[in-house]
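Report on one structure; see the data block that follows.
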Amino acid sequence: MDGRGRCLDNIFVERLWRTVKYEDVYLHDYENGWMAEDLLGSYFEFYNPERPYQSLDWDTPAERDFGGKESCAAQKTTIASS
């Protein structure tokens, strides 16, 4: 991302928002901005640690970062107990 207005600079953000719209926004009828903020916050808490990615052979980014499903489960337990 070089900031020179090239079309590829926005591709990551555009892909993220496409996914958010199809997996969350279009499925909920938000009554107000507060509800949207709460539900979108919940979705983003799910997005990296729990959502499997096709490009990662259906692993989550957390599983890749922490070295497997067992390590990821241990990490979640450690975070939850903190």
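Considering every residue within region 9-20, establish whether at least one is surrounded by 13 or more Cβ atoms within 10 Å (Cβ to Cβ) and at pLDDT 75 or above. Yes. Every condition in (1) at pLDDT below 80; (2) over 14 Å from the mean Cα position of the chain (by Cα) is met by Asn48 except one, and the failing one is (2). In region 9-28, the residues that are in the same structural domain as Leu39 (by TED's automatic domain parsing) reach residues that are surrounded by 12 or more Cβ atoms within 10 Å (Cβ to Cβ) with C-beta atoms within less than 7 angstrom, at least six apart or across chains, in these pairs: Val20/Tyr43; Asp24/Leu39; Asp24/Leu40; Asp24/Tyr43; His28/Leu39.
Quick check: anything in region 22-44 β-branched (Val, Ile, Thr), in contact with a Leu (Cβ under 9 Å, 6 or more places away or on another chain) and either surrounded by 10 or more Cβ atoms within 10 Å (Cβ to Cβ) or at pLDDT 90 or above (or both)? Within region 22-44 (the criterion being β-branched (Val, Ile, Thr), in contact with a Leu (Cβ under 9 Å, 6 or more places away or on another chain) and either surrounded by 10 or more Cβ atoms within 10 Å (Cβ to Cβ) or at pLDDT 90 or above (or both)), the answer is yes, since at least one residue qualifies.
The values are calculated or read from the model by the stated rules, or taken from the named source; none is laboratory data. Computed from a prediction, not measured in an experiment: that's the story for all the values here. Positions of Cβ are backbone-derived with ideal geometry, glycine not excepted, and every protein chain shown enters the neighbour counts.
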